Amino acid sequence: MDLQNLLEDIVGTVQPLLGQGAPADYIPSLAAVDTQQFGISVATSDGDVFASGDADVPFSIQSISKVYALALVLAGDGDRIWKRVFREPSGNPFNSLVQLEHEDGIPRNPFINAGALVVTDRLLSIVGSSPSPVRELLRQESGNNSIDADPVVAASEAANSHRNASLAHFLASYGNLENPVDSVLEAYIDQCALEMSCTDLALASRFLANNGLRGNGTALLSPSQTKRVNAVMLTCGTYDAAGEFAYRVGLPGKSGVGGGIVAVVPNKCTICVWSPGLGRSGNSLAGVAALDEFTTRTGWSIF
């Protein structure tokens, strides 16, 4: 299969969608991002990389970072995190307080904000005062040592984090945080504000397609743990539109309100798409359409 030509065809196919939707306006520094941009990259299990469009333009990865935080907690702590967070789709907005109160401070899954705060809290306890573990993992797996948090985005999020602060205090009131709320929020904002390109993210995510094996051949996760991370991505990775994403794309995926989506074809490749125009559920309109086109034309789906 000529993946390079396919990606270039997909760039052309999604052109009519560019400019539709809106960037994440509740984070002021993301609100001004040009919605005419689109990039796509594929990193194969064999180490090949194919890219087209704006695939090398850095963007804010936002909630995509939650996948790597979860992987690091599972790698360092086994399955103990599942006593503090469920694995079920939420069906509610990713920053909802209602469900958290109804379920006594146990978040519905690790990819809504409350669940990601619990995972970040546990990661802080595991690594102590180490540098940002998510950033370091992404640097190592992508081979790009310049990956870092955008200080403007981080400051913008910190100044507008009232809902996340409420979630964190709510979790703490139920005894579901081990570290101070301010420390958890700072670490969470820092990992969400990381800037990466489609190519960086496709490369950094290959362990999810390779049974947990890192780029250097060592194991970050066991095959069983990798299967389970991918399963939670499929059912919970695209906010409250996970059913629609599974129906259209048929792959485990994780989106972020920066407009990026990472998808996994087990034992074949990882794909990253990016376009900042978001639909109602917070997923990239052009990104979902591109992944739909990719799996339809390749036949690469888990179904």
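The values are calculated or read from the model by the stated rules, or taken from the named source; none is laboratory data. As the structure is a prediction and not an experimental result, all values here were calculated from the model. Quick reminder, even Gly has a Cβ in these numbers, built from the backbone with ideal geometry, and neighbours come from all protein chains shown.
Just a few scattered comments:
- Some residue of the stretch 227-241 being under 21 Å from Pro131 (Cα atoms) and polar (S, T, N, Q): no
- Within the stretch 60-80, the only residue that satisfies the criterion of being within 19 Å of the chain's Cα centre (by Cα) and over 20 Å from Asn113 (Cα atoms) is Ala75.
- Checked against (1) modelled with pLDDT of 95 or more; (2) more than 26 Å from Ser125 (Cα to Cα); (3) not in a loop (DSSP other than H, G, I, E, B), Leu30 passes all but condition (1).
- Residue in the stretch 277-296 that is of a type outside the set (A, V, I, L, M, F, W, C), at pLDDT 95 or above and surrounded by fewer than 17 Cβ atoms within 10 Å (Cβ to Cβ) present: yes
- Of the residues making up the stretch 165-189, those that are part of a helix (DSSP H, G or I) and not small (Gly, Ala, Ser) are Leu167, His169, Phe170, Leu171, Val181, Asp182, Val184, Leu185, Glu186, Tyr188, Ile189.
- Residue tally, condition part of a helix (DSSP H, G or I) and more than 18 Å from Val85 (Cβ to Cβ), over the stretch 134-162: 18
- Restricted to the stretch 43-52, and to residues there that are in contact with a Cys (Cβ under 8 Å, 6 or more places away or on another chain) and of a type outside the set (S, T, N, Q), the residue that is surrounded by the most Cβ atoms within 10 Å (Cβ to Cβ) is Ala43.
- Residue that is farthest from the chain's Cα centre (by Cα) [pool: residues in the stretch 1-27 that are part of a loop (DSSP other than H, G, I, E, B) and of a type in the set (D, E, K, R)]: Asp2
- Residues that are buried (at least 19 other Cβ atoms within 10 Å of the Cβ) and without any contact (Cβ under 8 Å) to a residue 60 or more places away in the chain do not occur anywhere in the stretch 31-42.
- Some residue of the stretch 71-88 being more than 20 Å from Leu123 (Cβ to Cβ) and modelled with pLDDT under 95: yes
- Filter pass, Ile126 being at pLDDT 95 or above, surrounded by fewer than 21 Cβ atoms within 10 Å (Cβ to Cβ), in contact with a Gly (Cβ under 8 Å, 6 or more places away or on another chain) and outside any loop (DSSP other than H, G, I, E, B): yes
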